[in-house]
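Visitor: Sharing a structure below in structure tokens format, with a few things to ask.
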Amino acid sequence: MELKLNKWIYGCVAVLMLAAAWIFTRIDGGEDTVRYEQHLEEPDEAGLGEKPQSDGLVTHLPIISIDTGGETIPGNAILNDSLSIVGTTKTADGKDHIMAHMEVISGEGWHQLSDTPEVSSDITIHIRGNSSRRFDKKNYRIELIKDGNEEEKNSQPLIGMAKSDSWILHGPFLDKTLVRNYVGMNISARVMGYAPNVRFCELELNGEYKGLYLLMENIDVSEGRLNLFQYEEGDPVMSYVVSQDAAERGKEIAGFSFYTRRLEPGVTYNILYPGTKYLTEDVKNYVCQDLSEIEDAIFSWEAENDDDFYVSYLDEDSFVDYFVLQEFLGNLDAGVRSTCFYKDARGKLHIGPVWDYNNVLDNFIRQASFRGFVLTDRGMYSQLIKSERFVKKVIRRYRELRKGILDEDYLISYIRDTQAWLGTAVERNYSVWGYSFEWQNLPRGVRRIPDKGGESTEADVNPDSFDAANAMMIRYLKRRGEWMDEHIDSLLQYCQASKKANTALY
């Protein structure tokens, strides 16, 4: 009897441990097993039956309506004579945001502006981004607040995503296919674990239809996003999240990479977490010193002579997966801009979450070649690529993913299924923004420019229709995959003895 009881107890303990592990993988920065992919989960237009008759907007997508009370949203790009961005607009009293009101109409069935909103909240709003600030179709950052009080946040779950007070509205403009960020985030989540959740919606701003948008989670530390050990004021050891990008005043830190000029001009690390409220000099110094010590170690003499040295400092799987994804997608920003890192107070440095897939798959303002590797000489990857252990893991992981989620036919089907699900929202979007296909009328910095000395013309690299944009993207995807299949093993050259001659600083 006692033996049977013990077996029963051990069995219960085993089940509880497995359940705990499953719950943990659902909510931490690892396996995102509950990813909701909108086009797979929700019915398309045909699946909703007869469309209601109306003179206004009727859509199967969620609707976001924002009313600024007639105020202009700040954050537009200020350009000099050479069309470089030299600043951003502010309000008359010098603020970088305004207050407004937002309503979100979502749920089952068709949606109209006359429907009762699921969420209604005051917000602060400003135009966000870097080069995208010059586009006519803007990207916005939104903070939900209570009763016009900027100090009192109003966390809400929007369109089925975990509640938060911080959100991004991404308006595809440069991306004429409309789906790069949606596809990229969902595919990345399957490979790397957490990536910001995304939902398509249609936007009305001050009563004017603004087209198809993607509501995105902002990168933050919370349950349902990055589930790190949360900071409490005065903590001597802390979790942090940083982005490698253009400097944001008050958030930037200048550490090892900055002083050793391993970052591009105009690029630094910005602290995303702990947030602005907690960014004391002590916090900034801690993050700067901790990150600098890691980078210093990765570029040290020991790392040059020990194939496994980096494993003590970096989460290996995240760096491997990030390398494979960004190389396959041809992300020219990877390792330079829009690149994030996070470290739990209890763990190692991870690369991620991924951010900004607007320019992948040959959609950069400059013409991108499908040949060559992107990350081999960037940041810490310029050292990691010298490790035979790391390179072999990259090759093995690439081969594995090419048989599954990075399979060419699978990805093309995923893209086309997403666009088919969007239905008439694509037409509505281009009823407003269709002029963006007339590249001759777009200024430099908004239209794509071919490589210098190449044979292509601006007509070759700027699609003149939705179908042409898709054909260009899929052609690149195929050519990139074929090139990487043939050349992925060539990464081994970087970890041969002739390539590993010591170039460390010390």
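The values are calculated or read from the model by the stated rules, or taken from the named source; none is laboratory data. The model shown is predicted, which means the values in this text are computed figures rather than measured ones. Quick reminder, even Gly has a Cβ in these numbers, built from the backbone with ideal geometry, and neighbours come from all protein chains shown.
Visitor: Of the conditions (1) modelled with pLDDT under 95; (2) closer than 17 Å to Asp377 by Cα, Glu295 clears all except one; give me its number.
Guide: (1)
Visitor: Considering only residues that are in contact with a Ser or Thr (Cβ under 6 Å, 6 or more places away or on another chain) and either in a helix (DSSP H, G or I) or crowded, with 21+ Cβ neighbours inside 10 Å (or both), which ones fall in the stretch 295-324?
Guide: The answer is Glu295, and nothing else.
Visitor: Within the stretch 255-282, track down each residue that is closer than 25 Å to Asn130 by Cβ and either in contact with a Pro (Cβ under 9 Å, 6 or more places away or on another chain) or charged (D, E, K, R) (or both).
Guide: Answer for the stretch 255-282, where residues must be closer than 25 Å to Asn130 by Cβ and either in contact with a Pro (Cβ under 9 Å, 6 or more places away or on another chain) or charged (D, E, K, R) (or both): Arg261, Arg262, Glu264, Lys277.
Visitor: Could you tell me which numbered condition Arg133 fails, if it satisfies all but one of (1) modelled with pLDDT of 95 or more; (2) closer than 23 Å to Gly207 by Cα?
Guide: With (1) modelled with pLDDT of 95 or more; (2) closer than 23 Å to Gly207 by Cα applied to Arg133, the lone miss is (1).
Visitor: The conditions are (1) touching a residue at least 60 places away in the same chain (Cβ under 8 Å); (2) under 16 Å from the mean Cα position of the chain (by Cα); (3) surrounded by fewer than 23 Cβ atoms within 10 Å (Cβ to Cβ), and Leu332 fails exactly one of them. Which is it?
Guide: Single failed check for Leu332: (1).
Visitor: Further question: Out of all the residues in the stretch 299-316, which are touching a residue at least 60 places away in the same chain (Cβ under 8 Å) and either in contact with a Gly (Cβ under 9 Å, 6 or more places away or on another chain) or of a type in the set (Gly, Ala, Ser) (or both)?
Guide: Result: Ser300, Ala303.
Visitor: Among the residues of the stretch 340-354, count how many are assigned to a loop (DSSP other than H, G, I, E, B) and either surrounded by fewer than 24 Cβ atoms within 10 Å (Cβ to Cβ) or small (Gly, Ala, Ser) (or both).
Guide: Within the stretch 340-354, the first condition is being assigned to a loop (DSSP other than H, G, I, E, B), and the residues that meet it are 344-348, 352-354.
Keeping just the survivors that are either surrounded by fewer than 24 Cβ atoms within 10 Å (Cβ to Cβ) or small (Gly, Ala, Ser) (or both) gives 344-348, 352.
Total satisfying the criteria: 6.
Visitor: Which of the residues that make up the stretch 51-98 are within 14 Å of Thr124 (Cβ to Cβ), surrounded by 12 or more Cβ atoms within 10 Å (Cβ to Cβ) and of a type outside the set (S, T, N, Q)?
Guide: Ile66, Asp67, Glu71, Ile73, Pro74, Gly75, Lys90, Lys95, Asp96, His97, Ile98
Visitor: May I pose another question? Quick one: Gly379 ticks every box in (1) at pLDDT 95 or above; (2) crowded, with 18+ Cβ neighbours inside 10 Å; (3) of a type outside the set (D, E, K, R); (4) touching a strand residue (DSSP E or B) at 6+ places or on another chain (Cβ under 9 Å) bar one, so which box is it?
Guide: Here Gly379 meets the rest and fails (1).
Visitor: Follow-up. Cβ-Cβ under 6 Å, sequence separation 6+ or interchain: first residue in the stretch 410-432 and closer than 14 Å to Tyr182 by Cα, partner surrounded by 13 or more Cβ atoms within 10 Å (Cβ to Cβ) and among the acidic types (Asp, Glu). Which pairs?
Guide: Between residues of the stretch 410-432 that are closer than 14 Å to Tyr182 by Cα and residues that are surrounded by 13 or more Cβ atoms within 10 Å (Cβ to Cβ) and among the acidic types (Asp, Glu), the close pairs are Trp421/Asp44.
Visitor: Mind telling me which of the residues Ser239, Ser257, Ser292 ends up being within 30 Å of Gly87 (Cα to Cα), buried (at least 20 other Cβ atoms within 10 Å of the Cβ) and polar (S, T, N, Q)?
Guide: Exactly one of Ser239, Ser257, Ser292 is within 30 Å of Gly87 (Cα to Cα), buried (at least 20 other Cβ atoms within 10 Å of the Cβ) and polar (S, T, N, Q), namely Ser257.
Visitor: Still on this structure, I have one more. Looking only at the stretch 123-151, count every residue that is in a strand (DSSP E or B) and among the charged types (D, E, K, R) and tell me the total.
Guide: First, the residues of the stretch 123-151 that are in a strand (DSSP E or B): 123-128, 139-146, 149-151.
If we keep only those that are among the charged types (D, E, K, R) as well, we get 128, 141, 143, 146, 150-151.
Here the count works out to 6.
Visitor: Ile219 passes all but one of (1) under 22 Å from Ile271 (Cβ atoms); (2) in a strand (DSSP E or B); (3) out of contact with any Ser or Thr (no Cβ under 7 Å at 6 or more places or on another chain); (4) not basic (Lys, Arg); which number fails?
Guide: For Ile219, the exception is condition (2).
One line per residue, one yes/no per condition, for (1) in contact with a helix residue (DSSP H, G or I) (Cβ under 8 Å, 6 or more places away or on another chain); (2) in a helix (DSSP H, G or I):
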site	(1), (2)
Trp421	yes, yes
Glu427	no, yes
Trp433	no, yes
Gly454	no, no
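Visitor: Taking into account only those residues within the stretch 382-401 that are out of contact with any Lys or Arg (no Cβ under 6 Å at 6 or more places or on another chain) and among the charged types (D, E, K, R), which is surrounded by the most Cβ atoms within 10 Å (Cβ to Cβ)?
Guide: It comes out as Lys393.
Visitor: I need the full set of residues from the stretch 119-152 which are in contact with a strand residue (DSSP E or B) (Cβ under 6 Å, 6 or more places away or on another chain), surrounded by fewer than 17 Cβ atoms within 10 Å (Cβ to Cβ) and without any contact (Cβ under 8 Å) to a residue 40 or more places away in the chain, in order please.
Guide: Ser120, Lys146, Glu152
Visitor: Of the numbered conditions (1) within 15 Å of the chain's Cα centre (by Cα); (2) modelled with pLDDT under 95; (3) acidic (Asp, Glu), Glu217 satisfies every one except a single condition; which is it?
Guide: Condition not satisfied by Glu217: (2).
Visitor: Please work out which residue is farthest from the chain's Cα centre (by Cα), limiting yourself to the stretch 153-191 and to residues that are of a type in the set (Lys, Arg) and within 21 Å of Arg448 (Cβ to Cβ).
Guide: Lys176
Visitor: So how many residues does the stretch 469-498 have that are exposed (fewer than 13 other Cβ atoms within 10 Å of the Cβ) and within 24 Å of Arg180 (Cα to Cα)?
Guide: Residues that pass the stated criteria total 1.
Visitor: Follow-up. Residues to consider are Phe200, Phe173; find the one that is in a loop (DSSP other than H, G, I, E, B) and either in contact with an Asp or Glu (Cβ under 9 Å, 6 or more places away or on another chain) or surrounded by 21 or more Cβ atoms within 10 Å (Cβ to Cβ) (or both).
Guide: Only one candidate passes the filter, namely Phe173.
Visitor: How many residues, within the stretch 402-413, are surrounded by 17 or more Cβ atoms within 10 Å (Cβ to Cβ) and either among the aromatic types (Phe, Trp, Tyr) or at pLDDT below 95 (or both)?
Guide: 0
Table: residues versus (1) at pLDDT below 90; (2) outside any loop (DSSP other than H, G, I, E, B); (3) among the basic types (Lys, Arg).
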{"residue": "Met238", "(1), (2), (3)": "no, no, no"}
{"residue": "Val242", "(1), (2), (3)": "no, yes, no"}
{"residue": "Asp245", "(1), (2), (3)": "no, yes, no"}
{"residue": "Gly250", "(1), (2), (3)": "yes, no, no"}
{"residue": "Phe258", "(1), (2), (3)": "yes, yes, no"}
{"residue": "Pro265", "(1), (2), (3)": "yes, no, no"}
{"residue": "Tyr269", "(1), (2), (3)": "no, yes, no"}
{"residue": "Leu272", "(1), (2), (3)": "no, yes, no"}
{"residue": "Lys277", "(1), (2), (3)": "yes, yes, yes"}
